[in-house]
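Presented below is the structure to which this report refers.
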Amino acid sequence: MANDSIFILAIESSCDDTSAAVLQNDKVLSNVVANQSVHVAFGGVVPELASRAHQQNMIPVVDQALKKAGIQKSQLSAIAFTQGPGLMGSLLVGSSFAKSLAMALSIPLIAVHHMQGHILAHFIDEEGYDKPEFPFLALTISGGHTQIIKVTDFFSMEIIGETTDDAVGEAFDKSAKILGLPYPGGPLVDKHAQLGNPKAFSFTKPKVPGLDFSFSGLKTQILYFIQKKVKENPKFIEENLNDICASIQNAIIEIVMEKLKMAVAQTEIKQIAIGGGVSANSGIRKTIKEAESKYGWKTYIPKFEYTTDNAAMIGIVGYYKYLNKQFEELNVVSKPRIEI
């Protein structure tokens, strides 16, 4: 391997996935993710159980990432880790491991904002994938975030629109729960939606000023709609599941696209990059791609494995921070809430 290569070991532990990745400059050598099935029985992530699972998974995941990358710990240039936002206990497991290893190896420590990871994942060197040019608009959609961000440089980002209550991912998961689908429900809504009619049922879009979003009203509307229909026909969900999911997904996509079109009109930026776990949704990916011919946008959709929480996206931020020598002391603090 080249002598001038920068090798970053990245750690991601913001929620319920333990992930480690090794990057050589902007290229991913390995990206290992350990999922946690313990939360399924509870219908959502249990923070204490998540942090315990991270403790069990961390060393095996890091070991596997190094082995897959084919490098030794002594070759590492720096350790990057997720500082926040996320679950405090989960973040502490990752940051404690990263600090200890960085100190033991006497190499720099790099703190990374989780959502910056989702945005800069587009700059991972992947064959067949274009990188956005500055400035561009980033639509970050996940279980905890829904934001439109104006990105003018690697570390110059301005939130111009965000949710005032629930995030897109939560709207999907709560709708799935209302329908009796198991956790995590978002991907199941997407699966059934692909077989249904998106115009079968209509839901009113919330009136939120500017570029901000709101999904709590939509969730309530879906709940009352299902309760009413089930009262009239106990088998309503069973008989109409695909159409219900398609209609819910369509309503969510329409809300997102309406705000995105407004953002393009206001900023005159027609480069759109999406990121976050919900960007794996087939309906959203299809609609964003269709916007290229429909509205004249240039869109960027990440490789599927870089949409959900993963350490490769933390590593690419770490790489650019390394180039700028943006290192942290060992007393750097994990933050469950942190400004981008």
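The values are calculated or read from the model by the stated rules, or taken from the named source; none is laboratory data. Since the structure is predicted, the reported quantities are computational estimates derived from the model, not experimental observations. Cβ coordinates were reconstructed from backbone atoms using ideal geometry, including for glycine residues, and neighbour counts include every protein chain displayed. The accessibility values were calculated without ligands, DNA or RNA, using every heavy atom of the protein model including side chains. Shrake-Rupley method; radii C 1.70, N 1.55, O 1.52, S 1.80 Å.
Within the range 168-188, one or more residues are closer than 18 Å to Ser214 by Cα and open to solvent by 60 Å² or more (accessible area, probe 1.4 Å).
Within the range 150-159, the residues that satisfy the criterion of being open to solvent by less than 50 Å² (accessible area, probe 1.4 Å) and within 17 Å of the chain's Cα centre (by Cα) are Val151, Met157.
Given the range 229-340, what helices (runs of 4 or more DSSP H) lie entirely inside it while holding 3 or more residues that are closer than 30 Å to Met58 by Cα, hydrophobic (A, V, I, L, M, F, W, C) and open to solvent by less than 10 Å² (accessible area, probe 1.4 Å)?
Details: elements: 236-267, 282-295, 311-323.
Fully inside the range 229-340 and qualifying: 311-323.
Residue pairs whose Cβ atoms lie under 6 Å apart, separated by 6 or more positions or on different chains, with the first residue in the range 149-165 and farther than 21 Å from Lys131 by Cα and the second open to solvent by less than 60 Å² (accessible area, probe 1.4 Å) and assigned to a strand (DSSP E or B), are Ile160/Ile148; Gly161/Ile148; Glu162/Gln147; Thr163/Thr146; Thr163/Phe213.
For the range 2-29, the tally of residues that are over 18 Å from Glu48 (Cα atoms) and either open to solvent by 10 Å² or more (accessible area, probe 1.4 Å) or among the aromatic types (Phe, Trp, Tyr) (or both) stands at 12.
For the range 203-225: of the residues being in contact with a helix residue (DSSP H, G or I) (Cβ under 7 Å, 6 or more places away or on another chain) and in a loop (DSSP other than H, G, I, E, B), which is surrounded by the fewest Cβ atoms within 10 Å (Cβ to Cβ)?
From the range 203-225, those in contact with a helix residue (DSSP H, G or I) (Cβ under 7 Å, 6 or more places away or on another chain) are 203-206, 211, 213, 215, 218-219, 222-223; that's our starting set.
Within this subset, residues satisfying the condition of being in a loop (DSSP other than H, G, I, E, B) are 203-206, 211, 215.
Numbers: Phe203: 17, Thr204: 9, Lys205: 15, Pro206: 16, Leu211: 18, Phe215: 26.
For the range 203-225, the residue satisfying everything is Thr204.
Tell me the residue from Gly128, Gly143, Gly84 that is under 20 Å from Ala20 (Cβ atoms) and of a type outside the set (A, V, I, L, M), please. Even if it seems obvious, please write down each step before you answer.
Numbers: Gly128 fails: under 20 Å from Ala20 (Cβ atoms); Gly143 fails: under 20 Å from Ala20 (Cβ atoms).
Just one listed residue meets the conditions, Gly84.
Taking the condition part of a loop (DSSP other than H, G, I, E, B) and at pLDDT below 95, does Gly169 pass?
Values: part of a loop (DSSP other than H, G, I, E, B): no; at pLDDT below 95: yes.
The answer is no for Gly169.
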